[in-house]
1. For the range 143-173, how many residues are more than 19 Å from Lys97 (Cα to Cα) and buried (at least 21 other Cβ atoms within 10 Å of the Cβ)?
2. Those residues that are basic (Lys, Arg), part of a helix (DSSP H, G or I) and closer than 25 Å to Phe96 by Cα, I need them from the range 17-69; list them, please.
3. Working only within the range 171-196, note down all residues that are in a loop (DSSP other than H, G, I, E, B) and free of Cβ contacts under 8 Å to residues at least 12 places away in the same chain.
4. So which residues in the range 144-196 are under 26 Å from Pro40 (Cα atoms) and of a type in the set (Gly, Ala, Ser), if there are any at all?
5. Going through the range 80-98 one residue at a time, which ones are under 18 Å from the mean Cα position of the chain (by Cα) and part of a loop (DSSP other than H, G, I, E, B)?
6. Only residues that are over 18 Å from Phe127 (Cβ atoms) and touching a Ser or Thr at 6+ places or on another chain (Cβ under 8 Å): list them for the range 84-100, please.
7. Would you check which residues across the range 65-98 are charged (D, E, K, R) and either modelled with pLDDT of 95 or more or in contact with a strand residue (DSSP E or B) (Cβ under 6 Å, 6 or more places away or on another chain) (or both) and list them?
8. Residues being in a loop (DSSP other than H, G, I, E, B) and of a type in the set (Phe, Trp, Tyr): count how many of those fall in the range 144-170.
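The values are calculated or read from the model by the stated rules, or taken from the named source; none is laboratory data. Owing to the predicted nature of the structure, the values given are computational and were not obtained by experimental measurement. We place every Cβ from the backbone using ideal geometry, glycine too, and count neighbours over all the protein chains shown.
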Amino acid sequence: MKTLSILFAIIIVAVSSYTDEIKKFQNELNKEFANAETSPLTKEDLATFDELSFYDIDESYKVEAKLILNESPKEFGMKTTTARRPTYIKYGTAKFKLKGKIMEIGIYKNIELSKKEQYKDFLFMLFTDKTSGITSYAGGRYLDLRIPKEGESLLIDFNKAYNPYCSYNHKYSCPIPSNEDYLDMEIKAGVMKFHE
């Protein structure tokens, strides 16, 4: 009986610490958006900004993926909402199980960004799903990932999915998810759409 009580307490602590982690992520985003120096919002939206809308925190949207590396990656200009074409490579493909479905999606690396020491292990995932244009931004959402250490899985947490800046302000140039970046399910996690 005592063992069950200890196990139950451990589970509660684990869930609580995960919730705290995601709330911290959400609070940091809200602070960025509320600050005129860092916010992508227009002056009009900033004047009335309270906080972003998020889906309920759901740890089942945090998954470990198998990262299949692209053995011969070629640099390409990723399509954006403007004429800008930032240079990326398709670093690999992530395969994972989410809500009982096997999914796969491309994982990218920004060449210029990776030249900076603090971003050398950064990876980029962009996606649309069945919520796009309904409860999430029609143009898709992004996730910042890190290259996993040898022997480890790629950690994908959709609770940290965020909108591109151009969903808030048309002055920004944002990568556009391709048809291959579509997940055939509802991803009810992360940031929701800004304007109704």
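1. Qualifying residue count for the region: 4.
2. The one that is basic (Lys, Arg), part of a helix (DSSP H, G or I) and closer than 25 Å to Phe96 by Cα: Lys23.
3. Listed by number, the residues that qualify are Lys171, His195, Glu196.
4. If we filter the range 144-196 for residues that are under 26 Å from Pro40 (Cα atoms), which is where we start, we get 144-146, 156-178, 181-182, 187-196.
Ala161, Ser167, Ser173, Ser178, Ala189, Gly190 - these are the residues of the range 144-196 that are under 26 Å from Pro40 (Cα atoms) and of a type in the set (Gly, Ala, Ser).
5. Scanning the range 80-98 gives no hits.
6. Of everything in the range 84-100, just one residue is over 18 Å from Phe127 (Cβ atoms) and touching a Ser or Thr at 6+ places or on another chain (Cβ under 8 Å), namely Arg84.
7. Lys66, Lys74, Glu75, Lys79, Arg84, Arg85, Lys90, Lys95, Lys97
8. Number satisfying all stated conditions: 1.
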